[in-house]
Every structure is written in structure tokens, then in C-alpha cells.
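Following: one structure in C-alpha cells, then a few remarks.
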Amino acid sequence: MMFSKTEKRQLMIFVAIAYGITYLLGILMWYGSMKQVDLALFANAQMMYPAMGVMLAFLLTRREDTEMPKAFFRSFTAVTILMIVCTVLSVLMPDRMAEMPGGTVSAWLIAVNYIQIAGCILGLIFLLISGKKKRAAYGLGWKNWKLSAACIFLFLGLYFLRTAIAYAAMGGLSYFFDIFKTADAWVLLGILPLNFLLGYIAFFGEEYGWRYYLQPILQKKFGLKKGVLILGVVWGLWHLPLDFFFYVTPDKGLIMTTNQIINCVGLGIFFAYAYMKTENIWVPVILHFLNNNLILVTSGQFSADVLQNQSVSWADIPAALLLNGVLYGVFILAKPFREKKEESVSLDAGQSKGMAV
């Protein structure tokens, strides 16, 4: 597979933003961890970088393309930059607080929440007014309703089965069922659709970069199966700063990174399966949202704090391998991974123009 100069430039822009900003701010995360500053904002901002990398690559190399949804791309990029600014300031000026009914809250956290909500609303508006043709040209349209719904419900079934097995292995299956006897669990489940509408851009930020842009490139170069496996590792390593300074303490960072790669390979296989099956980028966006948000329910803690300072050990790795391999990894044997030859891997129209490999 040969890259043209434009294609190479696009890939360089994507990598520079998706990985360059992530690892550069990882240094700031290390500093913040030493100062015991809350690093929660880094996770939300980091999710935006892959899509911003794709969008800037297209905006900078295909300025004359009239089918590009430029307003959506530019608004998403502006929102991401604002989130980066607030994230940096949350470490450099951590004492900026605001009084809220529930107590004192970081002013930067409030700002990011408002920025993200505004970004979601503006994004929907710009997507709608861009028109069906532009949405389709850059893989932003919704299609294959029945297949899309089937993949979403299949993932939900696998997710709850995986969680139930994990609880059963620890002798806590009864606790898992008790969670759903609480009002908090059903309230959180009930507001998931609203939370998605007001926070989808973060999950779109990852999936537009990984599944829409990078997956077809890697599959074209390495094959349908191997390309997705490589993407899982690439995706897992992208989490490195979060694995060392957010999800766990630095001394557990290597364990968390190993666990992260296993999860990303497993989930990456299912997300790739769903995307190849439906050709609808919004399906992996929804799956990613569900994967990250359902943990608030299934953990029984009903708070995003469950994502920070997790307890992990090397003893957890075999179980992670087994569960991810059996429930998610098995989909690499599914029809979408074997019905096409490497040379027939298709790219969306917009990507074909912007990244014709």
C-alpha cells in the first residue's frame, strides 16, 4: 500500500494530534499527580483528540472539497481547543472553585461541562444543516437502522453477561442483582439517552478517529483481522497517561496499561464488527458511550468517581483475557472479517477522497 504526499501529510497530522497532544499533556498529568490535583478533565479532553486529528487533516489538505461538513469540523475543533485550555488551567490554577448547591466544585469542571454540552448542541445543528450528502460523504450519516439496533442490543447483552460473570467469579452475583433493586440504578439507566445527547462528542471523538479513519487504513495494509488487532494495541497504548495518572496510581500503571490493551483489543474487535456490519459510525459511538457509562450502574457506586483510583493487580489479567476473548474476541471469526479480501476493504466516500489508500 503506497501513500501519496497528501495521504502521508494527513496521517502525520492525525498522529501528531491524537498522540502528540495526549503524551504532551501526559507530562502535565504527571505534574498534577505530584501536586495531588484532580485530573478528571484530562480524560474528557483526551477523547476528543483523535477526531480533531482527522478533521484537521481533512481541513488542511482538502480545502476545496465542497462536500466536506466544514462547519461541523470547525466547531468540533474549537470545542476541543477550549477543553484543552480548561484542562491545562485546572492544573496550573487548581484553586479556582465555584459554589454550587451540592457544595464547592472546580470552576474548570463546570466550564468544561458547559463547553461540552454547547459542543453537542452545536454539533447536532451543524450536522443537520450540512445536509444528507455531506454527512454521507464523510461517514457521518445514520443508516441500517435494524442492523444498528441489533448490534447495540447484542452489546448490551454481552456487557451485562460479562459483568455478571465477573461478579460470580468473586462470589458476589447476588450483589449484582441487588444493584437493580435500587432506584438510583434505574434513574441512571433512564437518563442515559439524555446524557448521550449532551455528551456524545467525547465518544464520537474517539470513534471517528479509530474506527472511521484508522481502522480502514490498518485493515487495508495488514488485513481485516490483523489490522483490527493492531488497532486495539494502538488504541490501548494511547491511554497510557490516563493509565498511569488517572485510573490508578503510578505504581499500578503498568498493570493498568496491560489490562487496558486487553480491553481495547477485545472491545475493538466488537466495535469493528459492529461498524463493518452496519457501516454506521454512530453505532460504535453509542457502544463506547454505553461501555463507559454503564459502569456507574454496574459498580453500584452510581458516580463517575468509580473510574479513578481503581484497584488492579496482575491476578486480574487472566480473567480479563478470558472474558474479553470469549465474549468479544470471538467476533473476529464473524462473517464481516472473512467475507472480503484485503484488497476489497472499503472506505467511506469522504475518507476515500481524503485518505485514498
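In table form, for the structure just shown:
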| quantity | calculated |
| --- | --- |
| Hey, PHE180 farther than 30 Å from MET55 by Cα and of a type in the set (Phe, Trp, Tyr) or not | yes |
| Test for ILE17: is it open to solvent by 30 Å² or more (accessible area, probe 1.4 Å) and either at pLDDT 95 or above or at negative phi (or both) | no |
| Lone unmet requirement of (1) at pLDDT 95 or above; (2) over 18 Å from the mean Cα position of the chain (by Cα); (3) not in a loop (DSSP other than H, G, I, E, B) for LEU109 | (1) |
| Some residue of segment 76-93 being open to solvent by 30 Å² or more (accessible area, probe 1.4 Å), free of Cβ contacts under 8 Å to residues at least 40 places away in the same chain, under 30 Å from TYR247 (Cβ atoms) and not in a helix (DSSP H, G or I) | yes |
| Residue that is farthest from LEU189 (Cα to Cα), among those in segment 136-156 that are over 20 Å from the mean Cα position of the chain (by Cα) and assigned to a helix (DSSP H, G or I) | ALA137 |
| Members of segment 270-329 that are part of a helix (DSSP H, G or I), open to solvent by 20 Å² or more (accessible area, probe 1.4 Å) and polar (S, T, N, Q) | ASN291, ASN292, ASN293 |
| Boolean, PRO241 is part of a helix (DSSP H, G or I) and farther than 30 Å from GLY32 by Cα | no |
| Residues that are on the phi > 0 side of the Ramachandran plot and modelled with pLDDT of 95 or more, drawn from segment 279-302 | GLU279 |
| So LYS220, is it open to solvent by less than 60 Å² (accessible area, probe 1.4 Å), among the basic types (Lys, Arg) and in a helix (DSSP H, G or I) | yes |
| Any hit, segment 38-52, residues being at pLDDT 95 or above and open to solvent by 40 Å² or more (accessible area, probe 1.4 Å) | no |
| Qualifying residue in segment 336-344 (condition: out of contact with any Pro (no Cβ under 9 Å at 6 or more places or on another chain) and closer than 23 Å to ILE21 by Cα) | no |
| Filter result for ALA57 (farther than 20 Å from GLY253 by Cβ, surrounded by 22 or more Cβ atoms within 10 Å (Cβ to Cβ) and not acidic (Asp, Glu)) | yes |
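Matching residues to (1) surrounded by fewer than 18 Cβ atoms within 10 Å (Cβ to Cβ); (2) modelled with pLDDT of 95 or more; (3) hydrophobic (A, V, I, L, M, F, W, C):
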position	(1), (2), (3)
ALA166	yes, no, yes
ALA169	yes, no, yes
LEU192	yes, yes, yes
LYS225	yes, yes, no
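The values are calculated or read from the model by the stated rules, or taken from the named source; none is laboratory data. It should be emphasised that the depicted structure is a prediction, and the values quoted were computed from it without experimental measurement. With ideal geometry, Cβ positions are generated from the backbone for all residues, glycine too; neighbour counts draw on all protein chains shown. Remember, those area values only see protein heavy atoms, side chains included, never the ligands or the DNA or RNA. Shrake-Rupley method; radii C 1.70, N 1.55, O 1.52, S 1.80 Å.
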